[in-house]
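Trainee: Take a look at this one; I'll ask things after.
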Amino acid sequence: MNVLLWGALPYVAFAWTDAIGVTAHTYHLSSLYGGTLAGAVALTGIALPVHRRRTRAPVFRATAAGDKVMYLVLVAAIVLGMWAKVAYSTPTAGYEYRDTIAPWAGSLFRLGPDVALMSGVPVLYQIHAVVGMILIALVPYTRLIHMFAAPVRYLFRPYTVYRSPDERQLARRGAWRGW
């Protein structure tokens with residue numbers, strides 16, 4: 001990929017929002033309210049499988065220590081991101097992370113981290129960035145790796161016919177062994 005394009009990555013957001021006529025204030029409001037709503041929805045989405053893992057004994061037994069760590073780091077990343085945005089924003093103004101954090105993230109992708117860009121960034125954003133990098137590092141070692149295996153064939157599979165077993169079949173089969 002062209003080096004100039006890699007250098008321009010952090011500024012893509014400005015170019016796109018300017019091209020469609022989105023002002024900085026409109027972007028800020030959509031980031032504040034839309035991001036907070038998306039974070040709340042994500043936390044709800046995480047709460048469902050965590051609840052299932054805690055309340056179903058076979059699923060709980062199949063939960064590895066790495067999965068528990070992953071859930072903690074994932075929730076921490078989301079909560080820290082929401083907290084940082086709300087802590088440093090009001091409906092009228094907020095911290096402009098597109099001037100500092102976005103170019104820093106672009107420098108990571110160029111494999112030449114510019115740490116000076118993060119020097120004036122509020123601490124909550126810095127902690128959020130570190131937790132996010134830890135989460136990325138955990139991906140290959142947790143169930144998050146499944147995000148790279150999109151089950152497209154699942155959408156087109158035939159229906160599964162399910163018949164509940166009668167009591168004799170249940171007695172012959174014995175207890176379920178987990179998943």
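The values are calculated or read from the model by the stated rules, or taken from the named source; none is laboratory data. Keep in mind that this is a model prediction, so the values were computed, not measured. Note that we place each Cβ from the backbone using ideal geometry, even for glycine, and neighbour counts take in every protein chain shown. All accessible areas refer to the heavy atoms of the entire protein, side chains included, with ligands and DNA or RNA removed. Shrake-Rupley method; radii C 1.70, N 1.55, O 1.52, S 1.80 Å.
Trainee: Give me a count of the residues in region 1-39 that are hydroxyl-bearing (Ser, Thr, Tyr), at pLDDT 85 or above and surrounded by fewer than 14 Cβ atoms within 10 Å (Cβ to Cβ).
Mentor: Qualifying residue count for the region: 2.
Trainee: Let me ask something additional. Would you confirm whether or not region 111-120 contains a residue that is open to solvent by less than 30 Å² (accessible area, probe 1.4 Å) and either closer than 26 Å to residue 147 by Cα or part of a helix (DSSP H, G or I) (or both)? Please lay out each step first, then the result.
Mentor: Start the filter on region 111-120 by keeping residues that are open to solvent by less than 30 Å² (accessible area, probe 1.4 Å), which leaves 118.
Filter again for either closer than 26 Å to residue 147 by Cα or part of a helix (DSSP H, G or I) (or both), leaving 118.
The answer is yes; a qualifying residue exists.
Trainee: What's the number of the condition residue 58 fails, among (1) of a type outside the set (Phe, Trp, Tyr); (2) open to solvent by less than 60 Å² (accessible area, probe 1.4 Å); (3) over 24 Å from residue 130 (Cα atoms); (4) under 22 Å from the mean Cα position of the chain (by Cα)?
Mentor: If we test residue 58 against (1) of a type outside the set (Phe, Trp, Tyr); (2) open to solvent by less than 60 Å² (accessible area, probe 1.4 Å); (3) over 24 Å from residue 130 (Cα atoms); (4) under 22 Å from the mean Cα position of the chain (by Cα), just (4) comes out false.
Trainee: Among (1) in a loop (DSSP other than H, G, I, E, B); (2) within 30 Å of residue 26 (Cβ to Cβ); (3) hydrophobic (A, V, I, L, M, F, W, C); (4) open to solvent by 30 Å² or more (accessible area, probe 1.4 Å), which single condition is residue 105 missing?
Mentor: The one condition residue 105 does not meet is (1).
Trainee: For region 65-91, which positions are outside any helix (DSSP H, G or I), in contact (Cβ under 8 Å) with a residue 60 or more places away in the chain and open to solvent by 30 Å² or more (accessible area, probe 1.4 Å)?
Mentor: The answer is 91, and nothing else.
Trainee: While we're looking at this one, here's another question. Looking at 125, 97, which is the one that is of a type in the set (Phe, Trp, Tyr) and either open to solvent by 30 Å² or more (accessible area, probe 1.4 Å) or within 24 Å of residue 59 (Cα to Cα) (or both)?
Mentor: Matching residue, one of 125, 97: 97.
Trainee: Continuing with this model, one more query. Under 7 Å by Cβ, and 6 or more places apart or on different chains, what pairs join a residue from region 26-50 that is farther than 16 Å from residue 76 by Cβ and in contact (Cβ under 8 Å) with a residue 12 or more places away in the chain with one that is polar (S, T, N, Q) and not in a helix (DSSP H, G or I)?
Mentor: Close Cβ pairs (under 7 Å, with a partner that is polar (S, T, N, Q) and not in a helix (DSSP H, G or I)) amount to 32/89.
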